[in-house]
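Each remark here refers to the structure printed beneath this line.
The values are calculated or read from the model by the stated rules, or taken from the named source; none is laboratory data. Note that the coordinates shown come from a computational prediction; the quantities given were computed from them, not determined experimentally. All Cβ positions, even for glycine, are placed from backbone atoms using ideal geometry, and neighbour counts span all protein chains on display. SASA here: full protein model, heavy atoms, side chains in, ligands and nucleic acids out. Shrake-Rupley method; radii C 1.70, N 1.55, O 1.52, S 1.80 Å.
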Amino acid sequence: MPASISRAAATVVEIFFPPLCLLCDARVAPELCPEVCASCRSSFRRMGQPSCQRCGAPGHGPAHSCRHCAEWSALGLARAALFYAGAVRTWVQRLKYGGVTGLAALAAEPMQSALGDAPPEWASASALVPVPLHAARLRERGFNQSELIAAALARRIGVPLQPLLRRARPTVSQVGLSSAERRRNVGGAFEVPAELRALCAGRRLVLVDDVLTTGSTLDAAAAALRSAGAGSVFALAAARSLPGRDA
């Protein structure tokens, strides 16, 4: 096809099918991939300096733990990159439920920044471990959003991605459950297959998930890793939902 015809065809496509922001439908520059406009990107609220040194929650003063993480038993520390509100909520939901898997790449830079705000020893973590879906849910959805996010982060920071966990049993959605119900729902839901247990022994592992709310899922996953011999387990989420504070 001659170059002039190719340019003309591209112009027609851009006029009638312009690239739109995947979050707000505004027009965006064609070179953006995935297509998320500057306005949506700039509205992403970063968590910033934490008050709780354990879970990273903001508050009124420094503390080693808070009401959000006081009942964790296996998870050492946790951090999240962004507040789960506004455009971030839309982003996560379109990735998770809309199947727009290219959106996972947006998590890498803010999560790297959040990891940089964590205690220095976590810069030398051995591996990133995505929180797994149950096999039935994975077949239904076709992908694990946490693994996609972890893969994007792994490429950016050069830490290997190792899916060491599997779901031992199905669980119901955590949405709408109380903290106690969430803990019961995911208690014992994760395991490390026998052939992978040696990869946990004595290592410093980073669990990766899309959204941190009460931390019950991450704590249950950390318990499985610790049971398999992991030395310590840290959690890093793309976004943080704080009950009663979301806006």
Taking the full set of protein chains and a 1.4 angstrom probe, give the accessible area of residue 66 in square angstrom, rounded to the nearest 10. 30 Å²
Just to check I understand the Karplus step: with θ = phi - 60° and J = 6.51 cos²θ - 1.76 cosθ + 1.60, what whole-Hz values come out for the range 114-125, glycine and proline as x? 5, 5, x, 7, 7, x, x, 5, 7, 5, 10, 4
With each label point set 7 Å from Cα along the Cα-Cβ vector, what nm distance links residue 101 and residue 63? 4.1 nm
Using θ = phi - 60° and the Karplus form 6.51 cos²θ - 1.76 cosθ + 1.60, what ³J(HN,Hα) does each residue of the range 174-183 get, whole Hz, x for Gly and Pro? 7, 4, x, 8, 6, 4, 5, 5, 4, 5
What is the gain in length, in nm to one decimal, between residue 26 and residue 178 on full extension, counting 0.36 nm per residue of separation less the C-alpha to C-alpha distance? 51.0 nm
How much accessible area per residue does the range 149-190 have, counting only protein heavy atoms and a probe of 1.4 Å, in square angstrom? 53 Å²
What share of the DSSP beta bridges in the chain is antiparallel, in percent to the nearest 5? 15 percent
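Could you rank 241, 113 by how accessible they are, 1.4 Å probe, largest area first?
Numbers: 241 15, 113 50 Å².
Reading off the accessible areas and sorting them downward yields 113, 241.
Within 10 Å of each candidate Cβ there may be at most 16 other Cβ atoms; applying that plus a DSSP loop requirement, which chymotrypsin sites (Phe, Trp or Tyr not before Pro) in the range 81-187 survive? Present the calculation step by step, with values, prior to reporting the outcome.
On the way: sites: 83, 84, 91, 97, 122, 143; in loops: 84, 97, 143.
Answer by residue number: 97, 143.
Run the accessible area of the range 92-247 with a 1.4 Å probe and give the carbon-and-sulfur part as a rounded percent.
On the way: 3350 of 6670 Å².
For the range 92-247, the apolar C and S fraction of the accessible surface comes to 50 percent.
Contact order normalised by length for the range 202-242, with contacts defined as Cα pairs under 8 Å and 6 or more residues apart; what percent is it? Intermediate values should be presented prior to the final figure.
Details: 60 pairs, mean separation 24.9, N = 41.
Value for the range 202-242: 61 percent.
Please give the contour-minus-distance gain from residue 141 to residue 38: 0.36 nm per residue of separation, less the Cα-Cα distance, rounded to one decimal in nm. Before the final figure, lay out each step's value.
Values: separation 103, 0.36 × 103 = 37.08 nm, distance 2.90 nm.
Value of the extension gain: 34.2 nm.
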